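Peer 1: Input: one structure, supplied below.
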Amino acid sequence: MKPRKVIGNKNEDATEGGRIDITINIGNRLFIIENKIYAHDQIHQLLRYDNYAKSSQKEYELFYLTLDGKNASDNSITDALGNKTSYAPLSYKEHILAWLYQCVRMAYGKPLVRETLTQYIEIIKKLTHQDMDTNFSKAVVGAALDNIDAAWAIMANQEKIKETFWRKNIFNPLEKLAREKHLSYDEWRNIPGEDNSIFLQKEGWKGWIQIKSADGFFWKGMVIGISFKKQMGNQEKLQCMSNVDPSDGWWPYGQTPLPIEIRHWTDFETFGNAEKCNKIIKWFDEKIDEIVSEVEAKGIMIKEV
């Protein structure tokens, strides 16, 4: 097994080159795993890996590993003729956890290995929202059974409840904040092939401050940076983004994830917690000011080149 295998520089149309997260060679068989957690797909990413696998002259399988087993974006798997790369989706929630539980059983008599595996399992359960305290979970179930009509009504309307809560505690305050800073505000939500995003734009800019989900239609793995309609060449990173390298030309000035405690807006700890939502808005208030101030201080022209 080899992590982060370099397969060459990317060519102009991004159909060759890059770095593969995990490669496993067993005899004449090659297994390629793209490990995608809170990051967006790159253009032709799985297509590039598929082309590399074909050139290896080996029997191969291509896997796309995410927290919940979601599919890769069309941008990642589709070539110029519209042909789509074949791959198998895997999930930490189902496949990796099941495998780790088997590993724990096999590690009987090796306490250090078992403890390491158990800690890894707990991390995955937290990331996939399966770590709710057992006693609390039983209490919730008991309350629901005692009020079954209300419980069914809540389950039937859970998406509307989420939307109302988000609108009241995140989106409306964020839009108000943008207006106060003389920025336009726009949302992309539930658009096929696009991750949910919020765009803030200063008058005269050709690009945006983009607040983006790394998990499709779910508001999870949130990041912020400056983006444009098309990929750009990498520019000097903003200092306020300097701890995170741009993954590709979509973030030419760098990007940065939100702090872990406010990164996943669908977390149980966030949903229904107005105080945590206030922290989200406060963080954006400061970060947006940092971005705009640095852009203006350096005389950066936010325009397509």
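The values are calculated or read from the model by the stated rules, or taken from the named source; none is laboratory data. Keep in mind that what you see is a predicted model, and the values were worked out from it rather than measured. No Cβ is skipped: glycine too gets one built from the backbone with ideal geometry, and neighbour counts run over all protein chains shown. We work out accessible area using only protein heavy atoms, side chains counted, and drop any ligands, DNA or RNA first. Shrake-Rupley method; radii C 1.70, N 1.55, O 1.52, S 1.80 Å.
Peer 1: For all pairs of alpha-carbon atoms in the range 65-123, what percent lies in each bin of width 10 Å, listed from the first bin to the last filled one?
Peer 2: 21, 34, 22, 15, 8, 1
Peer 1: Further, regarding this structure: Which whole number in µm²/s is D for the range 166-207 by Stokes-Einstein, with the Kirkwood Rh taken over Cα pairs at 4 °C and 1.567 mPa s?
Peer 2: Here the translational diffusion coefficient equals 115 µm²/s.
Peer 1: Among Asp41, Asp285, Asp146, determine the one that fluctuates most according to a GNM of the chain built with springs between C-alpha atoms less than 10 Å apart.
Peer 2: Its mean-square fluctuation being the largest, the pick is Asp146.
Peer 1: Rounded to two decimals, what ratio of Rg to Rh does the range 1-134 give with C-alpha atoms and a Kirkwood Rh?
Peer 2: 1.03
Peer 1: May I pose another question? Listed here are the pairs Lys93/Lys126; Lys58/Lys84; Lys54/Lys230; Lys70/Lys93; Lys230/Lys287; Lys10/Lys70; which of them are more than 18 Å apart at the Cα?
Peer 2: Lys58/Lys84; Lys54/Lys230; Lys230/Lys287; Lys10/Lys70
Peer 1: Once you have the Cα-Cα distance between Lys181 and Lys84, take 0.36 nm times their residue separation minus that, and quote the gain in nm to one decimal.
Peer 2: 30.6 nm
Peer 1: Which whole number in µm²/s is D for the range 5-79 by Stokes-Einstein, with the Kirkwood Rh taken over Cα pairs at 4 °C and 1.567 mPa s?
Peer 2: Calculated translational D: 103 µm²/s.
Peer 1: Summing -39500 (n - 2.57) over the DSSP H runs of n ≥ 4 in the chain and dividing by its residue number, what mean residue ellipticity at 222 nm do you reach, to the nearest 500 deg cm²/dmol?
Peer 2: That comes out to -10500 deg cm²/dmol.
Peer 1: Under 15 Å from the Cβ of Ala80, count the other residues' Cβ atoms, weight Lys and Arg +1, Asp and Glu -1, and hand me the total.
Peer 2: Net charge around Ala80: -4.
Peer 1: Can you send over the carbon and sulfur percentage of the accessible area for the chain, probe radius 1.4 Å, protein chains only?
Peer 2: 54 percent
Peer 1: Binning at 20 angstrom from zero up to the longest distance, how are the C-alpha pair distances of the chain distributed in percent?
Peer 2: 27, 54, 19, 0
Peer 1: Mind checking the range 172-264 for trypsin sites (Lys or Arg not before Pro) that DSSP puts in a loop (not H, G, I, E or B) and that have at most 10 other Cβ atoms within 10 Å?
Peer 2: Qualifying residues, ordered by number: Lys229, Lys230.
Peer 1: Measuring with a 1.4 Å probe in the full set of protein chains, what accessible area per residue, in whole Å², belongs to the range 152-226?
Peer 2: 52 Å²
Peer 1: Taking only the C-alpha atoms, wrap a convex hull around the range 90-244 and report its volume per residue in Å³ as a whole number.
Peer 2: Convex hull volume per residue, Cα atoms: 206 Å³.
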